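Okay, so here's the structure we're looking at.
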Amino acid sequence: MLKPVPAKLAVSRRQRSTPYTPRVEALGVSDYSIVNHTVLPKGFGRSVEEDYWHLREHVQLWDVSCQRQVQIQGVDAAKFVQLMTPRDLRKASIGQCLYAPIIDENAGMINDPVILKLGEDRFWLSIADSDVLLWAKGLALGYGFDVSINEPEVSPLAVQGPKADDVMAKVFGEAVRDIKFFKFAYHDFQGHPMLIARSGYSKQGGFEIYLDDSSLGLTLWDSIWDAGQAFNIRPGCPNLIERIEGGLLSYGNEFTRENNPLECAMDDYVSTDPTLNYIGKAAIEKIREEGIARVIRGVQFDGNKTPPCASTWMLSTGGRIAGYISSAIWSPRFETNVAIGMLERGFWDVGQRVSVACADGSERNGVVTALQQA
Ligand code: THG
């Protein structure tokens, strides 16, 4: 496997900035990642631990414009989106968000978007880091579906943390408090309807605003920022400690196209209804028959603070390979290292002891946990 190289990233037009980038930079962003060809802030000069405590106690504003929308629109849209996912969308209602695996003909994971049902003939796939647009356009052309597929200029902004409701109510009115988990509604912002969902890449609660007019980006940021001053708002980003403890998976890290959704512990999002048809169904049925060979779990391991896990670290038990971990960090709350990994059959029971081969050469004593550790 190719290792990441320790060099600076050269930026050009292909690495897209966002409507919020000027504010993110003014507030001292210290690192970016690139997701969906778009910058994703990774820090603002504070430690991940400091950001973690703040996210759990207060409220943060995240530029998650890299969560791009693949829009599927047209008379065949519902049929077509259903073909792309093993999650049963037939009873989904307009205004609903659905976390759903997108798989290929071998049941390999293409992506794990949040699907928004905007209308009977209009959907957004709010994607993780892979080019779903191209997969979708190829499928629609090949199958002859009557749909138009594009990536609209939509830039999600997340307000996350226990004080998110208070901040959002000040900006959009008290009615935003009534939005239910994984539902969305439109609320006025200076005469412009804003799509607001109760969702986000943390377990601390909050909202995502799907801005569809980039010219309002700075005004939107500033309004939330100003309203948030009374609640100790800070700029932030998905927090590695929080997401590992919460068991939130990251495409390309925890799993790739080499993995199927059952290995990714997504059983709840893979229909067992024989009347549902989707790409990869035969492969899913075969995997169900044979049983999965591995599954994603949590792992905790001892020793001092782990170095960053930027590739995969082997797990073993008594000289036998037990799997690997794909993300790891020190948890200041559990006072141990927390990780997410892929555990081979025979080694995936909660409580299983494993040895972790860290990148710094150390071997740590680890134990398998449930995916959601907190
Ligand atoms: N928000 C939006 N788009 C996204 C993400 C997001 N696209 C990329 C990436 N994140 C997709 N991955 C996830 C992973 C987990 C969740 C959301 C997106 C999530 N899961 C809930 C949980 O685990 O508690 C359960 C969801 C459910 O009950 O359906 O929130 O963050 N817009």
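The values are calculated or read from the model by the stated rules, or taken from the named source; none is laboratory data. The shown structure was predicted, so the numbers you read here are calculated from the model rather than taken from an experiment. Heads up, the Cβs are rebuilt from the backbone with ideal geometry, glycines too, and the neighbour counts pull from every protein chain shown. Surface areas here come from the heavy atoms of the whole protein model, side chains and all, with no ligands, DNA or RNA. Shrake-Rupley method; radii C 1.70, N 1.55, O 1.52, S 1.80 Å.
If only one of 87, 46, 23, 13 is basic (Lys, Arg), part of a loop (DSSP other than H, G, I, E, B) and surrounded by 18 or more Cβ atoms within 10 Å (Cβ to Cβ), which one is it?
87
Quick one: in segment 282-294, which of the residues that are open to solvent by 10 Å² or more (accessible area, probe 1.4 Å) and touching a strand residue (DSSP E or B) at 6+ places or on another chain (Cβ under 9 Å) is nearest to the ligand (Cβ to nearest atom)?
Filtering segment 282-294 for residues that are open to solvent by 10 Å² or more (accessible area, probe 1.4 Å) and touching a strand residue (DSSP E or B) at 6+ places or on another chain (Cβ under 9 Å), the one nearest to the ligand (Cβ to nearest atom) comes out as 294.
Is it the case that residue 265 is surrounded by 15 or more Cβ atoms within 10 Å (Cβ to Cβ) and under 23 Å from the mean Cα position of the chain (by Cα)?
So residue 265 fits the description; yes.
Among the numbered criteria (1) aliphatic (A, V, I, L, M); (2) assigned to a loop (DSSP other than H, G, I, E, B); (3) open to solvent by 20 Å² or more (accessible area, probe 1.4 Å), which single criterion is violated by residue 34?
Of (1) aliphatic (A, V, I, L, M); (2) assigned to a loop (DSSP other than H, G, I, E, B); (3) open to solvent by 20 Å² or more (accessible area, probe 1.4 Å), only one is false for residue 34: (2).
Checking the structure you have, find out if any residue of segment 235-243 is of a type in the set (S, T, N, Q) and within 12 Å of the ligand (Cβ to nearest atom).
Scanning segment 235-243, I find no residue that is of a type in the set (S, T, N, Q) and within 12 Å of the ligand (Cβ to nearest atom), so the answer is no.
May I ask you to list the residues in segment 127-179 that are charged (D, E, K, R), open to solvent by 60 Å² or more (accessible area, probe 1.4 Å) and in a loop (DSSP other than H, G, I, E, B)?
Listed by number, the residues that qualify are 129, 131, 146, 151, 153.
Out of segment 295-310, which residues are open to solvent by less than 30 Å² (accessible area, probe 1.4 Å), under 22 Å from residue 111 (Cα atoms) and not in a strand (DSSP E or B)?
309, the sole residue that qualifies.
So, in segment 91-116, of the ones that are in contact (Cβ under 8 Å) with a residue 60 or more places away in the chain and under 13 Å from the mean Cα position of the chain (by Cα), which residue ends up farthest from the ligand (Cβ to nearest atom)?
101
Condition test on residue 279, is it assigned to a helix (DSSP H, G or I), modelled with pLDDT of 95 or more and crowded, with 16+ Cβ neighbours inside 10 Å?
Considered against the rule, which asks whether it is assigned to a helix (DSSP H, G or I), modelled with pLDDT of 95 or more and crowded, with 16+ Cβ neighbours inside 10 Å, residue 279 comes out as no.
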